[in-house]
Amino acid sequence: MNRRKFLGLGVMAVAAMPATLSALSTIDFRATKPDTWTAHKVDEAVKALYGDIKAEEKGVTVKAPKVASNGGAIPVTVKSDISAKSVAVFQDANPEATVCVFNCDKDSIIDYMFKIKMKASGTITAIVEGQDGKFYKGAITIEVAKGGCEG
């Protein structure tokens with residue numbers, strides 16, 4: 001490849017970069033939906049994030065150990081085959097109900113694994129906002145042997 005062709009391809013790549021970066025941009029849910037992060041109950045947090053919705057109880061799988069020996073690091077997996085706009089995870093054991101919110105595009109693979117803290121036994125709920133405008137829900141109830149928020 002000669003130098004002019006190489007430089008020409010480099011210029012085209014740099015010119016295309018802003019379009020690519022804007023396609024990968026995310027939504028800052030903490031800035032756009034601040035009440036979601038201060039809600040103390042799951043239904044209040046869901047309403048603050050998505051409004052008044054009715055989520056279908058299908059299409060979303062939430063996995064976690066039935067009994068967590070230590071609430072300081074509970075492994076949670078959320079999976080779904082639904083083409084999603086967003087995925088939100090909530091829990092009802094800690095003072096603030098919202099755990100995390102993921103922004104998705106139509107080609108995203110919903111197979112997330114993360115660890116959360118829970119100070120007591122409770123339910124972990126995941127809500128998927130589908131590209132079709134519908135909402136889907138999955139949940140699991142777990143026992144926590146030793147709380148994770150005390151230290």
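Quick notes on this structure:
- The listed residue being surrounded by fewer than 18 Cβ atoms within 10 Å (Cβ to Cβ) and within 22 Å of residue 109 (Cα to Cα), out of 41, 54, 63, 47: 63
- Qualifying position, being in a loop (DSSP other than H, G, I, E, B) and either closer than 21 Å to residue 31 by Cα or of a type in the set (Lys, Arg) (or both), among 115, 106: 106
- Of all residues in the stretch 99-123, those satisfying the criterion of being touching a residue at least 24 places away in the same chain (Cβ under 8 Å), over 17 Å from residue 146 (Cα atoms) and β-branched (Val, Ile, Thr) are 99, 101, 110.
- When residues in the stretch 16-51 are screened for being at pLDDT 60 or above and either over 30 Å from residue 122 (Cβ atoms) or not in a helix (DSSP H, G or I) (or both), 8 of them pass.
- Residue list for the stretch 110-120, filter: surrounded by fewer than 19 Cβ atoms within 10 Å (Cβ to Cβ) and at pLDDT 95 or above: 111, 112, 113, 114, 115
- Filter result for residue 136 (modelled with pLDDT of 95 or more, part of a strand (DSSP E or B) and either β-branched (Val, Ile, Thr) or in contact with a Gly (Cβ under 6 Å, 6 or more places away or on another chain) (or both)): yes
- Inter-residue pairs, beta-carbon under 6 Å, first exposed (fewer than 14 other Cβ atoms within 10 Å of the Cβ) and in the stretch 69-80, second outside any loop (DSSP other than H, G, I, E, B), 6+ apart: 73/115; 75/115
- Residue within the stretch 80-90 that is under 17 Å from residue 143 (Cα atoms) and modelled with pLDDT under 90 present: no
The values are calculated or read from the model by the stated rules, or taken from the named source; none is laboratory data. Everything quoted here is computed from the prediction, not taken from an experiment. In this analysis, Cβ positions are derived from the backbone assuming ideal geometry, glycine residues included, and neighbour counts consider all displayed protein chains.
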